[in-house]
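Notes for the one structure printed next.
The values are calculated or read from the model by the stated rules, or taken from the named source; none is laboratory data. Note that the structure is predicted; figures quoted are calculated from it, not measured. We place every Cβ from the backbone using ideal geometry, glycine too, and count neighbours over all the protein chains shown.
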Amino acid sequence: MRIKAFIAACMALCLSACVTTNEVTGRSQFITIPASQDEELGLQALNEVKKSNGNVRTSGRDVERVRRIGERIVRVSDKPDLNWEFIVIDEPVLNAWALPGGKVAVYSKMIDNLTDEELAAVLGHEAAHAILRHGAEQVSRAQAQQLAIVGLGAVVGATTENEKNAQLAVALGSMAAQGFVALPHSRNMELEADHVGTIYMARAGYNPRAAAQLWRKMARLKEGGGDQPTFLSTHPSDDKRIARIEGRMPEYLAIYGNR
């Protein structure tokens, strides 16, 4: 019992020390990585991508298009002073991502199939991920879950002599963390980035109606109908995203009209 209490106390102390309030959304976030490290971590990760992927493009017509739209958005964002960098990955993939510190990549299939306003919705969304520090939050939550799993194994190991029971407890703890903590929170972050990103594109003078139009088009472009059920996906369903965006459209249109 003393071992369990000690482990629980240590975990509670570590977790409480890392909870901060996001200055943009007002939401409490668990982040163990200092904001001062975002730029270094993002640049390091981007350099690794450039080294390992021969399809990265940092110049050319598509890159200039992405950079023009992206820079217009980040100028009116909550963090225009980040060292923003926009690259294109020349692969037939419907994807885009953001790294800490403002490093954003868009894949060529996305660029080839989207209008400027739809691409602005993508770049607003990815800029929001970087500004809201979602990457650091995901990593921090994963670290905390791993710590909890290790702690569970230690508790069970200290209270039972049955090694199989201890292993089963750790496995079940890992499944629970993945199914009921990591994935739902990731979907919430996607919806949060949709909202903040749509505000950014509206501020920048792009019609926010294109944000809902983007997800309708994405649904059509996905091949083979192979989407995972929402409860097993790190991304919300397209229908849910569209409904959330359209539900707040009067707010976005007011920003767009008053810029």
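Structure notes:
- Which numbered condition Lys79 fails, given (1) of a type in the set (Lys, Arg); (2) in a helix (DSSP H, G or I); (3) under 24 Å from Asn207 (Cβ atoms): (2)
- Restricted to region 56-76, and to residues there that are surrounded by fewer than 12 Cβ atoms within 10 Å (Cβ to Cβ) and part of a loop (DSSP other than H, G, I, E, B), the residue that is farthest from the chain's Cα centre (by Cα) is Gly60.
- Tallying residues that are assigned to a helix (DSSP H, G or I) and either surrounded by 14 or more Cβ atoms within 10 Å (Cβ to Cβ) or of a type in the set (D, E, K, R) (or both) within region 18-43 yields 6.
- Flag for Asp62 being farther than 17 Å from Ile199 by Cβ, of a type in the set (Asp, Glu) and either in contact with an Asp or Glu (Cβ under 9 Å, 6 or more places away or on another chain) or modelled with pLDDT under 95 (or both): yes
- Test for Gly224: is it at pLDDT 95 or above, loosely packed, with under 14 Cβ neighbours inside 10 Å, out of contact with any Gly (no Cβ under 6 Å at 6 or more places or on another chain) and not basic (Lys, Arg): no
- Pairs, first part of a helix (DSSP H, G or I) in region 233-258, second of a type in the set (Gly, Ala, Ser) and modelled with pLDDT of 95 or more, C-beta under 7 Å, six or more apart: Ile242/Ala212; Ile245/Ala211; Ile245/Ala212; Glu246/Ala212; Tyr252/Ala202; Ile255/Ala202; Tyr256/Ala202
- Residue-level check: of (1) at pLDDT 95 or above; (2) crowded, with 17+ Cβ neighbours inside 10 Å, Arg248 misses just (2).
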